[in-house]
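Here is the structure we will look at.
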Amino acid sequence: MLALINPAALTALRIAATFFFVVNLVGGAYIFRSRHRFFDRDPNVDNDIPAVRHVRVEVVLIPWLVLTTLILILLISFWLV
């Protein structure tokens, strides 16, 4: 499928993929720096036990890791074509 991409468009695709990868990493860094605000104990929530907080981290971390991996694979494939 990558062989069918117009070679003139590859430069723009490489730049766009790199931009989205950097934005994704910056978003991940922001979430990591603000993790205590997002994932620590909330006094306003009843039954806020450690297992619930762990699930909250997983709900954010797993899709972020999948998205980052897919963008990285796409970016590598653009640079190898």
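The values are calculated or read from the model by the stated rules, or taken from the named source; none is laboratory data. All figures in this text were calculated on a predicted structure; none of them were measured in a lab. Cβ: placed from backbone, ideal geometry, glycine included. Neighbour counts: every protein chain shown. These area figures cover heavy atoms from the full protein model, side chains too; ligands, DNA and RNA do not enter into them. Shrake-Rupley method; radii C 1.70, N 1.55, O 1.52, S 1.80 Å.
Once both axes come from the Cα atoms, what is the angle between helix 10-33 and the longest principal axis of the chain, in degrees from 0 to 90, rounded to 10?
Orientation of helix 10-33: about 10 degrees from the principal axis.
Which value, in Å to one decimal place, does the Kirkwood hydrodynamic radius take for segment 22-68 when every pair of different Cα atoms is included?
About 11.6 Å, per the Kirkwood formula over Cα pairs.
For the chain, give the magnitude of the charge dipole about the Cα centre (Cβ charges: +1 Lys/Arg, -1 Asp/Glu; no others), in debye to the nearest 20.
Rounded to the nearest 20 debye, it is 220 debye.
In the full protein assembly as shown, how much of Trp79 is accessible to a 1.4 Å probe, in Å² to the nearest 10?
Approximately 150 Å² of Trp79 is accessible to the 1.4 Å probe.
Under 1.5 on a/c is rounded, so check that first for segment 9-49, then, if it is not, pick prolate when a/b is larger than b/c and oblate when it is not; a ≥ b ≥ c are the square roots of the alpha carbon gyration tensor eigenvalues.
prolate
Calculate what fraction, in whole %, of the accessible area of the chain sits on carbon and sulfur atoms when a 1.4 Å probe is rolled over the protein chains.
Heavy-atom surface of the chain belonging to carbon and sulfur, 1.4 Å probe: 74 percent.
Please calculate how many Å² of accessible area the chain carries per residue, with a 1.4 Å probe and no DNA, RNA or ligand atoms counted.
Here the per-residue accessible area is 79 Å².
From the square roots a ≥ b ≥ c of the eigenvalues of the alpha-carbon gyration tensor of the chain, which class results: rounded (a/c under 1.5), prolate (a/b over b/c), or oblate?
Prolate, since a/c reaches 1.5 and a/b exceeds b/c.
If one takes the longest principal axis of the Cα atoms in the chain, at what angle in degrees, from 0 to 90 and to the nearest 10, does the Cα axis of helix 50-80 lie?
For 50-80 against the chain, the angle is about 10 degrees.
So how much slack lies between Arg37 and Ala16, counting 0.36 nm per residue of separation and subtracting their Cα-Cα distance, in nm?
Using 0.36 nm per residue and subtracting the Cα-Cα distance, I get 4.4 nm.
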